[in-house]
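Student: Pasting a structure here, questions to come.
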Amino acid sequence: MDMQALLQQAQQMQQQLMEAQQQLDEAKVEGTSGGGLVTVTVSGRGSVEDIRIDPKAVDADDAEETAQTIADLVLAAIRDAEASVEELQQEKMGPLAEGLGGGGLPGGGGMPGLPGF
């Protein structure tokens, strides 16, 4: 086994991981509900960045029902965005996880200190 080649491969994997994490930090994903009445913007890491509610979602004649409807629409939009974030994370990080755990390193044991790997 060539330790220099192994070290070089580990350094390349670390660089790819850092690049993927940077891309996730910079990514913005939107989730919507109610036919666009509510739009939620979430970072590639899953943090809610913005919530927009169309004024058409508000029924001034029924404040209680409107409040519950808006809460439901916000929750649905967040879940929609979360699903998109999961897809994005899998796209960016999945190949790296496969490389780390799928025989990319001897023993296929993942990398210590990297959660999920």
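Please treat every number below as a calculation from the coordinates, not as lab data. Given the structure is predicted, the values throughout are model-derived calculations rather than measurements.
Student: Calculate, in nm to one decimal, what residue 91 and residue 27 gain on full extension: separation in residues at 0.36 nm each, minus their alpha carbon distance.
Tutor: On the way: separation 64, 0.36 × 64 = 23.04 nm, distance 1.24 nm.
Stretched fully, the residue 91-residue 27 segment lengthens by 21.8 nm.
Student: Pairs of alpha-carbon atoms within less than 8 angstrom and 6+ residues apart define the contacts here; what relative contact order does region 1-60 have, in percent? Can you show the working numbers first?
Tutor: Working: 56 pairs, mean separation 12.9, N = 60.
Averaging sequence separation for qualifying contacts and normalising by length gives 22 percent for region 1-60.
Student: Then there is this: Once phi is turned into θ = phi - 60°, what whole-Hz ³J(HN,Hα) does the Karplus curve with 6.51, -1.76 and 1.60 give for every residue of region 13-19, x standing for Gly and Pro?
Tutor: Listing the rounded values in order: 5, 5, 5, 5, 5, 5, 5 Hz.
Student: Apply the Debye scattering formula to region 4-104, with a single equal point scatterer on each alpha-carbon and no solvent, then give log10 I(q)/I(0) at q = 0.17 Å⁻¹.
Tutor: The computed values of log10 I(q)/I(0) come out as -0.77.
Student: Starting at the first residue of region 34-46, write each ³J(HN,Hα) from the Karplus equation 6.51 cos²θ - 1.76 cosθ + 1.60 with θ = phi - 60°, in whole Hz, x for Gly and Pro.
Tutor: So the J values, rounded to whole Hz, are x, x, x, 5, 10, 10, 10, 9, 10, 6, x, 9, x.
Student: Within the P(r) computed for region 1-56, what percentage of the Cα pairs occupies the region above 12 Å? Intermediate values should be presented prior to the final figure.
Tutor: Working: 1103 of 1540 pairs.
Of all Cα-Cα distances in region 1-56, 72 percent exceed 12 Å.
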